[in-house]
Amino acid sequence: MIPAQEVLARLREGNRRFVEGGHGPVGRPSAAQQPFAIVLGCSDSRVPAELVFGQGFGDLFVIRVAGNIVAPSQIGSVEFAVERFETRLAVVLGHTQCGAVAATLEELRQPQANQSPNLRAIVGRIRPAVEPLLGTPLARDAVKLAHEAIRANVRASVHQLRHGSALLERRIERDGLLIVGAEYSVETGDVEFLAVDRQTPLPILPP
């Protein structure tokens, strides 16, 4: 079992190699796996977690869903990796230019009557984190609003993972599981890890 802080340092170093043009130890396909980190990321085709963090086959347990939202299946996937592989770091990886967050802001400003219920479910998971921003001065600046909304959504997903699972809560308290948020820049390739603990507690969304 690799300590969470050591894993975090490995991901930072892998991202540094990625930004500098070396994509890291991709290696050969392997029948075995022992992932040292879990990444809950967005389905966006520009954000492949293994490349972003300079890692290879079997290194990361990656869960991808539009808007890097947290629903029961995502929580269960994280629980599986934590229990099966003793993985001690989980990263919620958002990214700039996130279409799911943009769609949520659009829906809040101009609701669509005929939106697919499945798409509405994604928007519904992002909405609690970003809707309060529309009542602040950020609402007058589309660029700053999008920037803060993406980060608020990441922090909300981190909060949901930390407090929406008794199993993960026990692992955090007992075994040092670390759940952190990060934002990938599609413009530069850099990953910035976010200070999630400063956030006002959010409600836990129902299944």
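The numbers here are math on the coordinates, done by the rules we state, and not lab data. Being a predicted model, the structure only gives us computed values, none of them experimental. Using ideal geometry, Cβ is built from the backbone for each residue, glycine included, and neighbour counts are taken over all protein chains shown.
Using 0.36 nm per residue and subtracting the Cα-Cα separation, the extra length available between ARG12 and LEU119 on full extension is 35.2 nm. In plain terms, the residue of HIS159, HIS147 with the fewest other Cβ atoms within 10 Å comes first and the most crowded comes last, giving HIS147, HIS159. Among residues other than SER73 with Cβ under 13 Å from its Cβ, the summed charge is +1 (Lys and Arg +1, Asp and Glu -1).
Taking the DSSP beta bridges in the chain as the whole, what percent of them are antiparallel, to the nearest 5? Taking every DSSP beta bridge within the chain, about 20 percent pair in antiparallel fashion. Residues whose amide H comes within less than 5 Å of that of HIS95, counting only those at least five positions distant or on another chain, are TYR184 (H built at 1.01 Å from N in the peptide plane).
State whether the chain is rounded, prolate or oblate according to the following rule on the C-alpha gyration tensor (a ≥ b ≥ c being the square roots of its eigenvalues): a/c under 1.5 gives rounded; otherwise a/b larger than b/c gives prolate, and the remaining case gives oblate. The shape class here is prolate.
For LEU194, the residues whose modelled amide H falls within less than 5 Å of its own, excluding neighbours fewer than 5 places apart on the same chain, are GLY181, ALA182, GLU183. With a cut-off of 11 Å between beta carbons, the residues surrounding PHE53 carry a summed charge of +1, where Lys and Arg count +1 and Asp and Glu -1. Just add up the charged neighbours of VAL143: K/R +1, D/E -1, any other residue whose Cβ is under 14 Å from the Cβ of VAL143. Charge balance in the 14 Å sphere: 0. Relative to the dominant Cα principal axis of the chain, helix 99-109 is inclined by about 20°.
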